[in-house]
1. So which of A:55/A:86; A:127/B:269; A:43/A:153; A:120/A:185 end up more than 26 Å apart by C-alpha?
2. Return the calculated 222 nm mean residue ellipticity for chain A, to the nearest 500 deg cm²/dmol, obtained by summing -39500 (n - 2.57) across DSSP H runs with n ≥ 4 and dividing by the residue count.
3. Which aspartates and glutamates have a Cα less than 17 Å from the Cα of residue A:215, not counting those fewer than 8 places away in the same chain?
4. What are the trypsin sites (Lys or Arg not before Pro) within the stretch B:316-388 that DSSP puts in a loop, where the Cβ has at most 14 other Cβ atoms within 10 Å?
5. Report, to the nearest whole %, how much of the accessible area of chain B belongs to carbon and sulfur atoms, 1.4 Å probe, protein only.
6. Considering only DSSP beta bridges with both partners in the protein assembly as shown, what is the antiparallel share in %, to the nearest 5?
7. Based on the mean of other Cβ atoms within 10 Å per residue, sort peptides B:339-345, B:12-18, B:158-164, B:258-264 so the most packed one is first.
8. What list of ³J(HN,Hα) couplings, whole Hz, do you get for the stretch B:270-286 from phi and the Karplus terms 6.51, -1.76, 1.60, once you set θ to phi - 60° and write x for glycine and proline?
Amino acid sequence: MSMLLEVDGVSVSFDGFRAINNLSINFGKTELRAIIGPNGAGKTTFMDIVTGKTKPDEGSVIWGDMNISLLGMSESRIAMEGIGRKFQKPTVFEAQTVRQNLAMALKNPRGPFAVLTHRKTAENARKIEAVAAEIGLADSLTRLAGELSHGQKQWLEIGMLLAQEPRLLLVDEPAAGMTVEEREKTTDILRRAAQTRAVVVVEHDMEFVRRLDCKVTVLHEGAVLAEGSLDYVISNPRVIEVYLGRADA
Amino acid sequence: MKNTFIAQNPSVLWFLLALGLFSIGVTALSEVSGVGVISTSFVKVLGKMLCLCLIAIAMDVVWGYCGILSLGHFAFFGIGGYAVGMWLMYARTEGIVLESLSTQVIPPTPQEISDAIGNQIFGVVGSSDFPMIWSFADSLFLQLLMVVLIPGLLALVFGWLAFRSRVTGVYLSILTQAMTLALSLYLFQNDSGLRGNNGLSGLQNIPGFEATSQATLSIAFFLASSFALAAGYVFFAWVVSGKMGSVVKGIRDNEARVRFLGYHVESYKLFVFTITAIVSGIAGALYYPQAGIINPGEIAPIASIYLAVWVAIGGRGRLYGAVIGAALVSLLSSWFTGGGAPNINLGFYTVNWTDWWLVLLGFSFVAVTLFFPKGIGGLFDYLVRKPQ
Ligand SMILES: Nc1ncnc2c1ncn2[C@@H]1O[C@H](COP(=O)(O)OP(=O)(O)O)[C@@H](O)[C@H]1O
Ligand SMILES: [Mg+2]
């Protein structure tokens, strides 16, 4: 099966410090993947590279059926290619309503003139309502995003990603600060989303990862340390040494 | 579509209504109607105030809505003024020159006419040659085109360079201020071709309307300014409503998020920067015929800072707030600095408002920023309940 995203031999340094060190990692077209690793392992930086925020010093990032390189593309262009990203800190537009947040994310032409002359359509309204239902915010469309609870903001941001109709979703620590029920709901949303696309979830919480029930990649010092089922990787002695042993100590 | 736009923005209708009543009221009380309660010079003050309101809403769109604290929009205003001023000065001088030469026995050659006009205009800077930038000064149409083209192009080029390099926040403000300063310093030079620190004068005399009284002209410009403000208000209200408004406000609140949603943020900033620059140019072109004179001091960076102060006091992120701020502060400013406000004798010291007005304005700005971040316009939130 050909891959959706192939990251090969990527390295990046910040002031001489190698945050990503010859990293190679691939994702299929429909899969759910968890990425775990200690703080500073380079998980967020990996997402920065894929989404065009950080330029790697070397290596390649190849995308899609046409095998195009994402390196050198602008962030907005990469997003248009079908890569959606959720930040570690929830970032929604707090001064705008849930509906406006979702409408902005909806897959529509993105140029200033298309947006200026954009008209509301029934089709778009239907899509917004469908996404809102999916993330449990169907009754909150007219509320300001700033009034939502922390968990709801996280869902709204996931909803914005879904509205973009991306082929790859990069989700950075979605469960941080969530209650147990909220976490369960979040895993359900992510698992459903992964039925039709690739979803990559960075998370610290082992229970959360277990609920995702998917292949796990362990990052350490900017490179892949182990890959496989959760039970397989956590029984790996090197993983226990660098991550679990330390984090759980 | 029109219906939904108005329905979703009832404040636009209220604004147009208020502006319409104000314009009719001023006209009815002016010397033109015969009532004369409002003097011609005060009609000019009010007309200029409307132009300042127009640039204030442009500033609000670029700063209050899009988050770009431009300290350069008064430069665009000044360019608009210079562009129209060149035609006004040229055409009027031409009329005077032709009249004085018409008494000569031998008809003057075109070169002689041109030299005479050049002498009149550029004598103050010790020159009589027409600089290149005056090439189109004889054409009202072309100079009016310059009113929109030059601010538009300057904003486009400057904005493209700045936004492309991702200059944001205070660095961008400094950059825009540097642009303004450079332009102002350039214009101060005698060989800039725009009469150095003399600037352009006599702009209140409109060629072709020599027989028309200033009372009538002042009302004509007042109404034109009112119309321009109305049109600008509706235009900007339309731009910042709907999806464009969402994206622009999104850029203000979290640029990166907008970018990762797939929007090319730089294009949006450039769009907003450029259209607001053009509207600022138009506002300037209407302002200076009412002021009568323009000089490089008008473009000095401080003017653009005042502009930001008006918008902050009036309330950022709402167009009527910018109008209130600009109207109130500019009127108060001309009252205080024009000797209207009585000096306060403290016995040991006399507070002379022409000197102390700026201090008062500074304190008001600090007070508003600290205690009423929504500005005067924020008071309307208490009057109008948001429909849920
Ligand atoms: N823009 C940057 N400048 C300098 N150092 C950075 C930058 N981004 C990340 N780093 C460093 O790279 C390492 C990896 O960071 P990150 O990817 O955020 O880790 P995490 O796996 O916790 O998400 C950290 O040591 C971090 O300090
Ligand atoms: Mg991180």
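1. Details: A:55/A:86 19 Å; A:127/B:269 28 Å; A:43/A:153 22 Å; A:120/A:185 30 Å.
Correct reply: A:127/B:269; A:120/A:185.
2. Values: 9 runs with 81 residues, N = 249.
For chain A, the value works out to -9000 deg cm²/dmol.
3. A:6, A:31, A:172, A:173, A:188, A:203, A:205, A:207, A:227, A:231
4. Numbers: sites: B:316, B:318, B:374, B:385; in loops: B:316, B:318, B:374, B:385.
The qualifying sites are B:385.
5. Details: 12090 of 17840 Å².
Answer for chain B: carbon and sulfur cover 68 percent of the accessible area.
6. 55 percent
7. Values: B:339-345: 11.7, B:12-18: 14.7, B:158-164: 17.3, B:258-264: 24.9.
Top of the packing list down: B:258-264, B:158-164, B:12-18, B:339-345.
8. So the J values, rounded to whole Hz, are 5, 4, 5, 4, 6, 5, 6, 5, 5, 5, 4, x, 5, 4, x, 5, 7.
The values are calculated or read from the model by the stated rules, or taken from the named source; none is laboratory data. If you're wondering where the values come from, they're calculated on a predicted model, not measured in any experiment. Here Cβ is always computed from backbone atoms with ideal geometry, including for glycine, and neighbour counts include all displayed protein chains. Each accessible area value is taken on the protein alone, full model and side chains, heavy atoms only, with ligands, DNA and RNA left out. Shrake-Rupley method; radii C 1.70, N 1.55, O 1.52, S 1.80 Å.
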